[in-house]
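Notes to accompany the following structure.
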Amino acid sequence: MADRVTVIGWDGSPLTAAARSALGAATLVAGAAHHLTLPEVPPSAERIRLGSVALAARRIAAHRGTAVVLADGDPGFFGVVRTLRAPEYGLEVEVVPAVSSVAAAFARAGMPWDDAQVVVAHSRTLRRAVNVCRAHTKVAVLTSPGAGPAELGLLLDGVHRTFVICEELGTEREQVTVVTSDKAADHTWRDPNVVIVIGGPVTAADGGWIAGRDPGADPRGWALPAEAYGGGLGEGETDLLRATQLARLGPRVGDLVWDIGSGSGAFAVEAARCGAAVIAVDQDPDACGRTTAAARQFGVQLQVVHGTAPHILENLPEPDVVRVGGGGVAVVSAVADRRPQRIVTHAATRDAAELVGRDLTEHGYDVECALLQSVELDTRAWTEKERSVAFLLSGRLAERSP
């Protein structure tokens, strides 16, 4: 086993005294090609070019001597430290950090980043990273080959974003470029790069107390009453029904939610408040306008699409969970063909519920159906004010990988 493993972060600036001392004593040095050419690397040290960090960790664990691993930026922030500290390698790790590439990118842009989301995009997580960019106004994306600015721009089709693309930070070839998301695919970008994705006005407001979105900016509670949306909710938008639909779907950060038949936008807004990306679809232009206004009122990002389901759904990106607020069996069947993890809808009668339930079962979904009844009472006289009855149907597939 290596006597000592020191992980050194490098941001292009001269190495610190601690880093130079550790590197000078190293008998094994692992890093990218540009790290291994640094003049401080001892000529006699064994050199490992980092590809698979796990493979390098096994070689380091078997090495007799002092090992150094060089990494860009802060190696403890989405970096090699996590892998090296895995119990199976038994390595004792010391870290000499540098400025992370995310911090450097925001510094080049002259922007604060305590209110930003930070995501990693590679082949398995690109879609989820794009969904975060849809849902949030400021996102830093740590890219990888095949999951870079061009791919981000292509998958954000129909959603306007501004990209600040920082290439090869800390090197002589460093370059910062600002483009709109629809133009990102027109260029070839050098790796490594960080993309800052901006989806709204950059304000100079006082910082909050927590990184990311301040939860205090949201009203307390879920399935808010009709008054919160200006009244006039449809029969499929009652508080109880919305609360149960949210519970069944469980929208989360990185998900894409379809809300088909968005009506007032109440469900779409509440799914977006969970941190999910949302596409709200309605055939009524007035409903689309109400959904846009509700999103603006609650400060959430969502995409509103005017069109009639199921035809309008053909060109939408793949959903994770779907609420069908209208359209019946034909729309539910078209949605099930796209294989989201979960689908919820409602029906006014048992016969209609059975038709939808059979279709979901034929598509391979596990189906649940519940009769929901709510009675609102006037507490001044304890008399009935309003009664609502609906059949709630939910379909669930086995969990899939990101």
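Counting only protein heavy atoms and a 1.4 Å probe, the chain has 49 square angstrom of accessible area per residue.
Taking amide H atoms as placed 1.01 Å from N in the peptide plane, the amide H of Asp255 lies under 5 Å from those of Ala277, each 5 or more residues away in sequence or on another chain. If you wrap the tightest convex hull around every Cα atom of the stretch 353-402 and split its volume per residue, you get 102 Å³.
Relative to the compact-globule estimate of 2.2 N^0.38 Å, the Cα radius of gyration of the stretch 43-114 comes out at 1.31.
Computed over the stretch 57-97, the range of Cα coordinates on each principal axis works out to 27, 19, 14 Å, biggest value leading. Share of carbon and sulfur in the accessible area of the stretch 1-82 stands at 54%, probe radius 1.4 Å.
In this structure, the amide hydrogen of Arg47, modeled 1.01 Å from its nitrogen in the peptide plane, lies closer than 5 angstrom to those of Val29, counting only residues at least 5 positions away or on a different chain. Rg and Dmax of the chain, based on Cα coordinates, read 25.8, 89 Å. Using Stokes-Einstein with the Kirkwood hydrodynamic radius over Cα pairs, what translational diffusion coefficient do you get for the stretch 118-248 at 20 °C and a viscosity of 1.002 mPa s, in µm²/s rounded to a whole number? Answer, rounded: 125 µm²/s.
Across the alpha-carbon atoms of the stretch 298-398, the computed radius of gyration and Dmax are 16.4, 52 angstrom. Couplings 3J(HN,Hα) of the stretch 96-105, computed from phi: 10, x, 10, 5, 5, 5, 5, 4, 5, 4 Hz, in residue order, whole Hz [Karplus 6.51 cos²θ - 1.76 cosθ + 1.60, θ = phi - 60°; x for Gly and Pro]. In whole Å, what is the distance between the alpha-carbon centres of the stretch 61-105 and the stretch 334-392? Centre-to-centre distance over Cα atoms comes out at 51 Å. Applying the Karplus relation 6.51 cos²θ - 1.76 cosθ + 1.60 with θ = phi - 60° to the stretch 226-232 yields 3J(HN,Hα) values of 4, 4, 5, 10, x, x, x Hz, where x marks Gly and Pro. Taking amide H as placed 1.01 Å from N in the peptide plane, the amide H of Leu70 sits under 5 Å from that of Ile8, Ala30, Gly31, each at least 5 places away or on another chain.
For Leu371 and Thr37, the FRET efficiency from 1/(1 + (r/R0)^6), where r spans their Cβ atoms and R0 equals 51 Å, is about 0.15.
Quick check on the stretch 1-127: what are the equivalent-ellipsoid semi-axes from the Cα gyration tensor, as sqrt(5λ), descending, whole Å? Square roots of five times the eigenvalues give 26, 18, 12 Å. For Cα pairs less than 8 Å apart in space and 6+ apart in sequence, what is the mean separation divided by the residue count of the stretch 106-184, i.e. the relative contact order in percent? Worked out over the stretch 106-184, it gives 25 percent. Expressed as a whole percent, the accessible area of the stretch 273-392 that falls on carbon and sulfur atoms is 48 (1.4 Å probe). Length available on full extension from Ser44 to Glu92: 0.36 nm per residue minus the Cα-Cα distance, which gives 15.0 nm.
Gain on full extension, evaluated as 0.36 nm per residue between Asp284 and Ala247 minus their Cα-Cα distance, stands at 10.6 nm. Karplus-based coupling profile of the stretch 2-7, in residue order and whole Hz: 4, 5, 7, 10, 10, 9, with θ = phi - 60° in 6.51 cos²θ - 1.76 cosθ + 1.60 and x standing for Gly or Pro.
In the stretch 109-181, the portion of solvent-accessible area held by carbon and sulfur atoms comes to 52 percent [1.4 Å probe, whole percent, DNA, RNA and ligands not counted].
The slack between Arg358 and Ala211, meaning 0.36 nm per residue of separation minus the straight C-alpha distance, is 48.4 nm.
The values are calculated or read from the model by the stated rules, or taken from the named source; none is laboratory data. These figures come from a predicted structure and were not determined experimentally. Glycine also receives a Cβ, built like all others from the backbone with ideal geometry; neighbour counts cover every protein chain displayed. We work out accessible area using only protein heavy atoms, side chains counted, and drop any ligands, DNA or RNA first. Shrake-Rupley method; radii C 1.70, N 1.55, O 1.52, S 1.80 Å.
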